[in-house]
Ligand code: NDP
């Protein structure tokens, strides 16, 4: 028997128990799945950051911790975690992010807000440019950033992508490293943040970098809140340097009611819904990793602790 501990509180046991059992059965894995297993008997831990499990020291025989979320900033620095850590890369997560990013990019590109605000008989024609004349930049060309960048490129936007290591992706201008960032920002009429939160990416978009964007740029942040310095963004919105920001993630979540983002007319607040791990497909990813672990094969989506993602 393979003992799998479900150690997440959100998403709940009720959401994941049946999909996980189905996926283990489909993979032919003899699994005991429970929220309560003696630590030394646990083979795998299904984990999400909002968990009561914070000390991994007693899990001496655990072969891997399988995170249900794509982001691992809530666990990667845990000094008690010596077991391999895998993050979630899931079909549903990717499709959801593509849809959210595409929708909000088109909203800004077509200036849908302009027309929504003129539904009281005001006939004021305004023709937006074609996508081919609207350069977009995606910071982060990983599983999600790359998928979104390719989709936007297929819609006709000239897309620049930026990552830590140099990439070559058909249809995209790929830049990397600190030198590439200024260039990537300089053309970005719409900027999309799909970077993980690490020591290197925290506060990346400060007042200097916001000033490197073309005047009137729009920002979408489905990455992580601390990628942007909040006060710098508000100052850039107030000055007109940034026209609008759609923010899905925040330094503190839920975003406190008194936070100025809520009342700012150029900010749209989304409650961290850009993309959710979908239980049915995520359960298959968990099952596949357990199958690999048991077969002695390399685990999928291993987190590199030194990189932090
Ligand atoms: P990946 O790990 O696949 O990709 C991360 C990308 O960021 C890589 O291209 C990586 O470069 C790049 N990167 C990391 N550090 C740096 C750096 N210092 N400088 C330049 N580039 C850097 O992550 P995913 O695409 O799967 O997810 C991205 C993030 O999206 C997650 O970490 C999470 O924070 C967020 N997310 C948000 C959700 C939401 O609902 N709002 C849902 C899911 C994820 P390289 O390729 O060279 O390694």
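Any read-out appearing in this document is the output of simple, stated calculations on the displayed coordinates, not a laboratory observation. Nothing here was measured: the structure is a model prediction, and the numbers come from that model. FYI the Cβ positions are ideal-geometry reconstructions off the backbone, even for glycines, and counts take in every protein chain you see.
Observations, loosely collected:
- Estimated from helices alone, the mean residue ellipticity of the chain at 222 nm is -9500 deg cm²/dmol (sum of -39500 (n - 2.57) over DSSP H runs with n ≥ 4, per residue).
- Its Cα gyration tensor gives the range 236-276 an equivalent ellipsoid; the semi-axes, largest first and in whole Å, are 19, 13, 7.
- Exposure proxy order (Cβ contacts within 10 Å, fewest to most) of 207, 122: 122, 207
- Sequence of 238, 113 once ranked by neighbouring C-beta atoms within 10 Å, starting from the fewest: 238, 113
- Average 1/r across all pairs of distinct alpha carbons in the range 92-269, invert it, and you get the Kirkwood radius: 16.5 Å.
- Here the Gaussian network model covers the chain, with springs between Cα atoms less than 10 Å apart; of 158, 265, 222, 265 fluctuates the most.
- Angle between the chain longest axis and helix 91-110 axis [Cα atoms, degrees, rounded to 10]: 10
- With neighbour counts taken as other beta-carbon atoms within 10 Å, the residues 126, 56 rank, fewest first, as 126, 56.
- Crossing angle, helix 13-26 versus the chain [Cα axis fit, 0-90 degrees, rounded to tens]: 70
- Gain upon complete extension [residue 273, residue 203; 0.36 nm per residue less C-alpha separation]: 23.0 nm
- Folded to 0 to 90 degrees: helix 143-154 orientation relative to the chain principal axis, Cα: 40
- Kirkwood estimate for the chain, i.e. one over the average of 1/r between Cα atoms, Å: 20.9
- Relative contact order (%) - the chain, alpha-carbon pairs under 8 angstrom, separation at least six: 19
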